[in-house]
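*Asks:* The structure under discussion is supplied below as structure tokens; questions concerning it will follow.
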Amino acid sequence: MSERASVPKEEDETETETEQDPVTTGAQSVIRALENAGTDYVFGVQGGAIMPVYDALYDSDINHVTMAHEQGASHAADAYGVVTGDPGVCFATSGPGATNLVTGIADANMDSDPVIALTGQVPTEFVGNDAFQETDTVGITQPITKESYFAADSDTVGDNVSEAFALADAGRQGPTLVDLPKDVTQGETEVEPGAPETPETYEVPEEADDENVQEAAEALAEADRPVILSGGGVIKANASSALREFAKEYEIPVITTMPGIGSFPEDHELSLEWAGMHGTGYANMAITNTDCMLAIGTRFDDRLTGGVDSFAPDAEVIHVDIDPAEISKNVYADYPLIGDAREVLRQLFDAMPRAPDADEWRDQCQVWKDEYPMSYDTPDDEPLKPQYVVEQFSEMTPDDTIVCTGVGQHQMWASQFWEYTEPRTWVSSHGLGTMGYGVPAAIGAKLAAPDQEVVCFDGDGSFLMTVQGLSVAVREQLDITYVVLNNEAVGMVRQWQDGFYEGRRMASEYPWIPQFDKLAEAFGARGFTLESYENVEETIQEARDYDGPSVIDAHIDPGENVFPMVPSGGDNGLFALEEDHLDQL
Amino acid sequence: MPGPAPDERMRPKGRRNTQGIRVDPEAEVTHEPRQAVLSALVKHRPGVLSEVSALFSRRQFNIESLTVGPTADDDTARMTILIEEPEPGIDQAKKQLRKLVPVISVRELEGEAVRRELALVKVSGEKPDDVNAVADMYNGQAVDASTDSVTVEITGSKQKIDAAIEAFKQFDVQEIVRTGAAALDRGPKTLEKDV
């Protein structure tokens with residue numbers, strides 16, 4: 001169980017929750033602000049400067065999950081935010097505690113995931129003196145947050161937290177941080193924090209301009225080769241249903257970005273799955289040849305676009321985004337529509353004069369699906385293929401199963417060979433590409449959705465980076481199935497070395513890795529080994545049946561690489577289907 | 001059966017430039033950099049200058065000068081930022097600035113905006129009359145004098161100050177400090193109200 005208030009509550013005390021004791025310290029005001037904002041879970045690690053806040057948490061109903069490393073706290077909070085849609089909260093102490101959070105904050109920032117980080121800080125009088133465990137946390141995190149606050153006063157610290165919470169969730173979601181000097185949290189105050197409200201200077205657009213919507217709708221209706229590009233913003237705006245209605249009504253093929261996985265069901269005939277460096281061949285063909293792209297909630301990351309010169313070069317672009325700064329940042333928007341994705345989709349739905357006349361185009365997309373299917377070789381005598389493991393697992397589980405991943409080849413296989421149909425079931429590190437994301441993210445995801453099955457695909461290299469998080473999963477008895485697609489290498493690096501560095505495998509092979517099944521057992525989890533096709537289903541079933549964390553160490557073909565592939569900065573339409581193609585590009 | 005190899009696939013004719021704008025495939029089109037004067041009202045509080053300057057450095061905007069000072073409102077400071085960027089970069093700089101929480105409003109000032117900068121030039125004090133004469137030519141004035149040095153204040157456009165400094169070089173320039181531009185729109189238009 002999570003560490004709630006450690007002392008059992010008197011029955012009558014829980015019944016009168018609404019009548020809270022007045023706050024007496026800054027730390028209590030911090031916790032009250034979190035309570036007011038509806039916080040259920042906090043992921044954190046104790047320490048000197050954050051102790052007053054933890055002490056105030058002792059009396060709260062908020063669940064605290066002690067993580068094994070602060071990086072895990074920020075990733076768990078991030079995944080919690082992705083799955084619930086509400087900000088995930090993490091705590092760390094000053095100095096090393098705060099700096100360990102940084103990777104997870106940067107990760108959340110790149111993926112627009114709502115996270116609020118509260119960090120201890122040395123007492124105000126020591127700030128700037130290089131005191132024990134001091135770092136300039138606000139300075140370090142300012143470029144990777146929506147805003148970093150330095151709490152200067154016990155009377156206003158609660159408001160700082162309320163505002164940070166509201167800001168993390170408002171408009172384009174993202175991380176915020178409040179740095180809490182120990183004297184400020186220890187200091188006396190009777191000031192209750194205000195309700196979570198964004199700062200007055202922060203404006204969030206809701207609806208797009210009607211005239212612009214009308215023009216965009218007409219352009220889309222005129223198109224011969226229309227596509228919808230659905231990004232992570234569609235999921236964050238809870239606009240997946242609106243997207244589905246729109247695409248089905250006007251029969252427009254849908255491509256997702258990688259963070260947009262789950263926004264449109266991959267088993268629908270209009271789905272071309274996801275585009276980009278390792279996206280499907282058919283998505284990349286369609287994105288290259290479209291003449292009108294309705295792009296929603298995407299920032300046109302270079303892993304999606306390849307070189308912008310060859311990205312959808314014939315297409316008029318309708319770009320829907322809640323962040324005006326994303327418009328024409330990487331790809332010029334002919335029709336910028338600034339607003340909430342769900343609202344704008346509703347506006348567009350009403351504004352469409354008719355469906356585009358695109359029978360031929362849809363037929364062409366189907367031809368590409370037939371020509372470039374996602375497939376792999378599975379001769380029985382070869383070592384186990386990772387794709388098979390992913391595919392089998394996908395078939396055995398319900399649609400709302402949540403898939404978390406680390407970063408590397410396994411992440412690509414998990415995105416390619418699992419069939420996603422629901423939003424908020426794909427939890428991964430996209431923009432920052434953080435190896436080690438998987439283990440703690442699965443913890444955050446499971447606590448966010450205890451009734452849904454959670455599986456984490458990881459690589460041996462990525463798993464080792466945060467493997468200590470297993471201790472947390474065991475302590476909390478979280479029913480998570482970790483699958484390590486083990487090829488004794490940092491496989492993606494090795495793949496690039498083979499493709500672009502003449503096979504000079506410098507520092508990419510890991511022949512010294514531990515036996516992950518035994519490692520799992522040492523942590524108190526269940527461990528399994530998988531080496532051949534024979535017992536894939538049986539092992540997966542056993543791991544799923546185990547009520548608690550389990551780890552399947554799947555020894556996969558070390559020669560297997562990820563395809564299709566668009567080389568970095570390349571042309572999406574010129575994806576390689578196999579190693580030999582890379583030479584032709 | 002794998003589909004056509006890369007060079008046999010359906011290909012569009014179009015092309016975009018490095019800014020992601022569709023261009024004539026035959027033509028080379030890029031936006032030339034131009035200078036823009038951005039004026040921003042910001043919350044007057046610690047850290048705001050570092051937040052703004054960090055934004056410009058991490059986004060690699062080519063910044064010419066940045067000045068900041070208080071306004072009539074104690075809670076507000078005003079920044080004047082000169083950047084030299086191609087059009088999309090200027091647009092992006094404005095949008096990124098607006099995203100910062102302490103930023104209240106941002107506008108690009110028009111070409112004819114009043115722009116002034118200040119320079120203090122310390123030169124050798126051997127020929128004070130000559131120094132004064134040059135200062136007069138640029139509407140400057142001596143603000144400090146000793147037996148060894150004269151310090152002259154010049155205000156005006158960047159070009160005027162460049163020219164003045166060039167002229168003062170004949171007196172053995174010992175030290176120079178320049179502020180960068182402060183600017184306001186001409187006429188009744190302000191950051192708060194469009195006219």
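*Asks:* On the given criteria, is residue A:368 more than 21 Å from residue A:246 (Cβ to Cβ), of a type in the set (A, V, I, L, M, F, W, C) and within 14 Å of chain B (Cβ to nearest Cβ)?
*Replies:* yes
*Asks:* Has segment A:409-432 got any residue that is at pLDDT 95 or above, in a loop (DSSP other than H, G, I, E, B) and in contact with a Lys or Arg (Cβ under 7 Å, 6 or more places away or on another chain)? Don't jump to the end; show me each part of the working.
*Replies:* To start, the set of residues in segment A:409-432 that are at pLDDT 95 or above comprises A:409-432.
Imposing the further condition that a residue be in a loop (DSSP other than H, G, I, E, B) reduces the set to A:418-425, A:428-432.
After this cut, where a residue has to be in contact with a Lys or Arg (Cβ under 7 Å, 6 or more places away or on another chain) as well, the list is none.
Within segment A:409-432 (the criterion being at pLDDT 95 or above, in a loop (DSSP other than H, G, I, E, B) and in contact with a Lys or Arg (Cβ under 7 Å, 6 or more places away or on another chain)), the answer is no, since none of the residues qualifies.
*Asks:* One residue is enough: does segment A:302-311 have a residue meeting the conditions over 24 Å from residue A:359 (Cα atoms), out of contact with any helix residue (DSSP H, G or I) (no Cβ under 8 Å at 6 or more places or on another chain) and surrounded by 24 or more Cβ atoms within 10 Å (Cβ to Cβ)?
*Replies:* Yes, segment A:302-311 has at least one match.
*Asks:* Spot the failing condition for residue B:119; the list is (1) under 15 Å from the mean Cα position of the chain (by Cα); (2) assigned to a strand (DSSP E or B), and only one is missed.
*Replies:* (1)
*Asks:* Starting from residues that are touching a residue at least 40 places away in the same chain (Cβ under 8 Å) and within 12 Å of chain B (Cβ to nearest Cβ), keep the ones in segment A:327-363 and report whichever is nearest to residue A:249 (Cα to Cα).
*Replies:* So the residue we want is A:361.
*Asks:* Residue under question is residue B:104, and the condition is that it be touching a residue at least 24 places away in the same chain (Cβ under 8 Å), part of a strand (DSSP E or B), touching a Ser or Thr at 6+ places or on another chain (Cβ under 8 Å) and within 8 Å of chain A (Cβ to nearest Cβ); does it hold?
*Replies:* yes
*Asks:* Take residue A:42 and tell me if it is within 20 Å of residue A:162 (Cβ to Cβ), touching a residue at least 24 places away in the same chain (Cβ under 8 Å), over 21 Å from the mean Cα position of the chain (by Cα) and open to solvent by less than 10 Å² (accessible area, probe 1.4 Å).
*Replies:* On the way: within 20 Å of residue A:162 (Cβ to Cβ): yes; touching a residue at least 24 places away in the same chain (Cβ under 8 Å): yes; over 21 Å from the mean Cα position of the chain (by Cα): no; open to solvent by less than 10 Å² (accessible area, probe 1.4 Å): yes.
The answer is no for residue A:42.
*Asks:* With closer than 30 Å to residue A:233 by Cα and touching a Cys at 6+ places or on another chain (Cβ under 7 Å) as the only criterion, which of A:79, A:164, A:98 stands out?
*Replies:* Matching residue, one of A:79, A:164, A:98: A:79.
*Asks:* Being surrounded by 21 or more Cβ atoms within 10 Å (Cβ to Cβ) and either in contact with a Leu (Cβ under 8 Å, 6 or more places away or on another chain) or part of a helix (DSSP H, G or I) (or both) is the filter here; which residues of segment A:57-67 pass it?
*Replies:* Within segment A:57-67, the subset surrounded by 21 or more Cβ atoms within 10 Å (Cβ to Cβ) is A:57, A:64-65, A:67.
Selection gives A:57, A:64, A:65.
*Asks:* Let me ask something else. Among the candidates A:363, A:380, which residue alone is open to solvent by 50 Å² or more (accessible area, probe 1.4 Å), modelled with pLDDT of 95 or more and of a type in the set (Asp, Glu)? First the steps, then the outcome.
*Replies:* Values: A:380 fails: modelled with pLDDT of 95 or more.
Only one candidate passes the filter, namely A:363.
*Asks:* What is the one condition in (1) over 19 Å from residue A:396 (Cβ atoms); (2) in a loop (DSSP other than H, G, I, E, B) that residue A:573 does not satisfy?
*Replies:* If we test residue A:573 against (1) over 19 Å from residue A:396 (Cβ atoms); (2) in a loop (DSSP other than H, G, I, E, B), just (2) comes out false.
*Asks:* Look through segment A:315-326, keep the residues that are closer than 19 Å to residue A:232 by Cα, among the aliphatic types (A, V, I, L, M) and touching a residue at least 24 places away in the same chain (Cβ under 8 Å), and return whichever of them is surrounded by the fewest Cβ atoms within 10 Å (Cβ to Cβ).
*Replies:* Looking at the filtered set, the residue picked out is A:322.
*Asks:* Under the condition of being in contact (Cβ under 8 Å) with a residue 24 or more places away in the chain and closer than 11 Å to residue B:6 by Cα, which residue from segment A:575-585 is surrounded by the most Cβ atoms within 10 Å (Cβ to Cβ)?
*Replies:* The qualifying residue surrounded by the most Cβ atoms within 10 Å (Cβ to Cβ) is A:575.
*Asks:* Something else about it: On the given criteria, is residue A:141 open to solvent by less than 10 Å² (accessible area, probe 1.4 Å), assigned to a helix (DSSP H, G or I) and closer than 21 Å to residue A:159 by Cβ?
*Replies:* yes
*Asks:* A further question on this structure: Just to confirm my filter: which helices (runs of 4 or more DSSP H) fall fully inside segment A:163-258 and include at least 2 residues that are open to solvent by 50 Å² or more (accessible area, probe 1.4 Å), closer than 28 Å to residue A:293 by Cα and not polar (S, T, N, Q)?
*Replies:* Of the helices (runs of 4 or more DSSP H) lying wholly inside segment A:163-258, those with at least 2 residues that are open to solvent by 50 Å² or more (accessible area, probe 1.4 Å), closer than 28 Å to residue A:293 by Cα and not polar (S, T, N, Q) span A:210-222, A:240-250.
The values are calculated or read from the model by the stated rules, or taken from the named source; none is laboratory data. Keep in mind that what you see is a predicted model, and the values were worked out from it rather than measured. Heads up, the Cβs are rebuilt from the backbone with ideal geometry, glycines too, and the neighbour counts pull from every protein chain shown. Heads up: the accessible areas ignore ligands, DNA and RNA and are worked out on the full protein's heavy atoms, side chains in. Shrake-Rupley method; radii C 1.70, N 1.55, O 1.52, S 1.80 Å.
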